Amino acid sequence: MSATSGPSRLWPFVVAIVMLFFINLPLAHLKWTEHRLDRDGVAGVGEVTATKAFGGKHFVTFRLPASIDPDQKSYTVEVPGDSFDEAKAAEQLPVDYLPEDPSTNRAVDEVPPGSVAVWLTALADLTVLAMLALMFWSRRHGMLVIEATEDLTRCKPDDTVVELGGGMVLVRGDITEIHDDHVVVQANSDTVKVILGDHHNPVGHQQPVQVRGVKVKRR
């Protein structure tokens, strides 16, 4: 019988991919926006509606002319000190924008996210990958391995791992993997590898199974 992989093996990869997607989405969106503005952006002038400086940083709030942006949305950006002073005095700010999508815009002297944002994204990526590696290491090295002493049988849904003495173990749980020479049974938080030997497994994937076996020392 060929190996069958269940959702229990796939979901950590799915979760990791989703997390990596959302972690990298802001930075990827920023790079894509910059690319679009570099390629198709049009120079314009925004009306300064507010300015604020604190902590050595300078922020300007502006909106594009109604002829360009009928919704008259406001945008706040960080700019260098000299650009801040010029924008505050002139009440105008040079802006690049996309004619078909004025909400995609960028002040000409806008301060881009620094290396801190890149490092934080990279650190978050490494954290997710490390958690994934640790999960699989823990699963591999924390798995109970037994050699069946009888044929496996179908049972009522249950999650049980019971020490019977003398190295014998009774296991009830759901089969998550089926291979030619062994199956993997999940009983709550316990993952049990059952070596079949000369015994048979008539139970299907993700079905409850009962088996007795003797513990096998891991090397």
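The values are calculated or read from the model by the stated rules, or taken from the named source; none is laboratory data. Since the model is a prediction, treat every value here as computed from it, not as a measurement. A quick note on method: Cβ atoms are made from the backbone with ideal geometry, for glycine too, and the neighbour counts reach across all protein chains shown. What goes into the accessible areas is simple: the full protein's heavy atoms, side chains included, and nothing from ligands, DNA or RNA. Shrake-Rupley method; radii C 1.70, N 1.55, O 1.52, S 1.80 Å.
Out of the residues in segment 178-192 meeting the condition of being in contact (Cβ under 8 Å) with a residue 40 or more places away in the chain and surrounded by fewer than 19 Cβ atoms within 10 Å (Cβ to Cβ), tell me which one is farthest from the chain's Cα centre (by Cα). Within segment 178-192, the match that is farthest from the chain's Cα centre (by Cα) is 180. Taking the numbered list (1) open to solvent by less than 70 Å² (accessible area, probe 1.4 Å); (2) more than 26 Å from residue 125 (Cα to Cα) in turn, residue 43 passes all entries but (1). Hey, does segment 42-60 have a residue that's assigned by the TED database to the domain that holds residue 88 and within 24 Å of the chain's Cα centre (by Cα)? Within segment 42-60, not a single residue is assigned by the TED database to the domain that holds residue 88 and within 24 Å of the chain's Cα centre (by Cα).
Here residue 198 clears all of (1) in contact (Cβ under 8 Å) with a residue 60 or more places away in the chain; (2) open to solvent by 20 Å² or more (accessible area, probe 1.4 Å) except the condition numbered (1).
Among the conditions (1) in contact with a Leu (Cβ under 9 Å, 6 or more places away or on another chain); (2) closer than 30 Å to residue 57 by Cα; (3) open to solvent by 60 Å² or more (accessible area, probe 1.4 Å); (4) not hydroxyl-bearing (Ser, Thr, Tyr), the only one that residue 163 does not satisfy is (2).
Per-residue answers, yes or no, for (1) surrounded by 15 or more Cβ atoms within 10 Å (Cβ to Cβ); (2) at pLDDT 95 or above:
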site: 47; (1), (2): yes, yes
site: 59; (1), (2): yes, yes
site: 62; (1), (2): yes, yes
site: 89; (1), (2): no, yes
site: 97; (1), (2): yes, yes
site: 110; (1), (2): yes, no
site: 114; (1), (2): no, no
site: 123; (1), (2): no, no
site: 128; (1), (2): yes, no
